[in-house]
Amino acid sequence: MIPGFGELGERLRRSTVHVGAGAEGSGSGVIWDASGLVITNAHVARRPQVELSLWDGRRYPGRVDWRDDARDLAAVRFQAPGLTVAAIGDSSKVAPGELVVAVGNPLGFVGALTTGIVHAVGPVGGMTRREYIQANVRLAPGNSGGPLADALGRVIGINTMVVLHGGVPGGLGLAIPSNAVRRFLARRGTRPTVGVSVRPVRVRFRRREAPGLVVVDIGRGSPAERASLMVGDILVAAGGKTFETMDDLSVAVENASGPLRIQFLRGDRTVLRETTVFLEKEAAAA
Amino acid sequence: VVQELLERGRVTRAYLGVGVQPVTVSQGRGQILLAVEDGSAAERGGLLVGDVILAANGTPLSDPDALQGLIDSLLPGGELALRIVRGGENIERAVTLGERGAS
């Protein structure tokens, strides 16, 4: 055993939180900085509001601030005094053969520690195009979103999934490298946004039934608010294209090179209205 | 319920025919209609997807259970007086409840 391993484990344990998303699941997270930023998996933080439990039993509400479902990462904000912040390592320095430690809440055991050896760093053959730290650590569902650390206790990855792989008993644990988390955080605030929450609906207009997106929330001071959109408006087209799926608004936003024309229905829907939204970069941690 | 079973041979439940979600508008908290079933009491009463119901029979509807509770307390044929925000304007509508399973 490396001297001081117990202390390393204790610090890691204290910088790991349990993330609860009600009936939609739970997992772990890492206290990334002293402002109360927690990194976890997007598939753990399924809801906009989650409950965070610290190692000492304290519980706090957390708000999902930013997520990337494709990379399976979410940034959650909360406020609590006396946080133990994780030491973040440089995942580009991780090499096969290295000793690693995972902390999480597998099967309800809070702050359970498991150790393993790094097998590889990179894409998993035939399975992913993205880079993972692959190690023979025993992970359970409650480990998702929790830290994978090197022998000095520096977090080098976020435990994300287990794959069955060439003769490794219990499978291979895959962790998103810490440098990928840094890139995820750097991207925050660079995507354009309208500033609305919408839900898909079917709407009848001009004797035909069509898919629409009804506005259920408008960000204060958002581009949508300045464009005079209101809760209850039903968006039916953007950038000249009628919506066919619920993703079409975000696709139109991503592809927009300037102001976005949005057509919508309001009130008793006698006319199709139109407004121009001047898109803005997403506000980081409002 | 027993009385009803004896008289009608079955239990009837009042039914509006909407899907809702809580929202906040400048007039206050309410329930936005995400779905209005074809042929339902809600459709007959002129309710539209996107309407925000603030109150029913004088009861503020800050959570979805309040609306369901109110409907459950009434019989088919009972009336709901709704305070609604539609297109930013306050309107009122009276809806006569239908029966669950009937259209």
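The values are calculated or read from the model by the stated rules, or taken from the named source; none is laboratory data. This one's a predicted model, so the numbers in the text were calculated from it and none came from an experiment. All Cβ positions, glycine included, derive from the backbone under ideal geometry; neighbour counts span all protein chains shown. Accessible surface is based on the protein model in full, side chains and every heavy atom, while ligands, DNA and RNA are left aside. Shrake-Rupley method; radii C 1.70, N 1.55, O 1.52, S 1.80 Å.
Just subtract the alpha-carbon distance of A:Arg59 and A:Ser250 from 0.36 nm times their residue separation and send over the number in nm, one decimal.
On the way: separation 191, 0.36 × 191 = 68.76 nm, distance 3.40 nm.
Once the chain is fully extended between A:Arg59 and A:Ser250, it gains 65.4 nm.
How far apart, in nm, are the 7 Å Cα→Cβ label points at B:Gln68 and A:Arg207?
Taking the two extended label points, one gets 3.9 nm.
For chain B, what is one quarter of the convex hull surface built on the Cα atoms, given in nm²? Provide the component values of the computation, followed by the final result.
Details: hull surface 24.9 nm².
Result: 6.2 nm².
Could you tell me the calculated FRET efficiency between A:Ala87 and A:Arg187, based on Cβ-Cβ distance and R0 = 35 angstrom, to the nearest 0.05?
Values: r = 23 Å, r/R0 = 0.66.
After rounding to 0.05, the efficiency reads 0.95.
Divide, for the protein assembly as shown, the radius of gyration over alpha carbons by 2.2 N^0.38 Å, where N is the residue count. Don't skip to the end; give the middle numbers.
Details: Rg = 25.8 Å, N = 389, 2.2 N^0.38 = 21.2 Å.
Expressed relative to 2.2 N^0.38 Å, the Cα Rg reads 1.22.
Relative contact order for chain A: what percent, with Cα pairs under 8 Å and sequence separation of 6 or more? Provide the component values of the computation, followed by the final result.
Working: 685 pairs, mean separation 36.8, N = 286.
Relative contact order comes out at 13 percent.
Sequence gap at least 6, Cα distance under 8 Å: using those rules, report the relative contact order of chain B to the nearest whole percent. Write down the numbers at each step before the final one.
Details: 206 pairs, mean separation 29.4, N = 103.
Relative contact order here is 29 percent.
Normalized C-alpha radius of gyration of the range A:62-108, against 2.2 N^0.38 Å? Working shown, then result.
Values: Rg = 14.7 Å, N = 47, 2.2 N^0.38 = 9.5 Å.
Expressed relative to 2.2 N^0.38 Å, the Cα Rg reads 1.54.
Can you give the Rg to Rh ratio of the range A:44-160, both from alpha-carbon atoms, with Rh computed by the Kirkwood formula? Please report the intermediate quantities before stating the final value.
Values: Rg = 14.8 Å, Rh = 15.3 Å.
Rounded to two decimals, Rg over Rh is 0.96.
With the crude spin-label approximation of a point 7 Å out along Cα→Cβ, what separation in nm comes out for A:Ala151 versus A:Phe278?
For the pair A:Ala151/A:Phe278, the computed spacing is 5.8 nm.
Apply 1/(1 + (r/R0)^6) to the Cβ-Cβ distance of A:Glu10 and B:Ser26, taking R0 = 45 Å, and write down the FRET efficiency to the nearest 0.05.
Details: r = 51 Å, r/R0 = 1.12.
Rounded to the nearest 0.05, the efficiency is 0.35.
Before we go on, tell me the buried accessible area for the B/A pair, both chains summed, 1.4 Å probe, in Å² to the nearest 100.
On the way: alone 5830 and 14350 Å², together 19120 Å².
Result for this pair: about 1100 Å² buried.
Between A:Ser228 and B:Thr12, what is the FRET efficiency for a Förster distance of 35 Å, r being their Cβ-Cβ separation, to the nearest 0.05? Don't skip to the end; give the middle numbers.
On the way: r = 45 Å, r/R0 = 1.28.
Efficiency, rounded to the nearest 0.05: 0.20.
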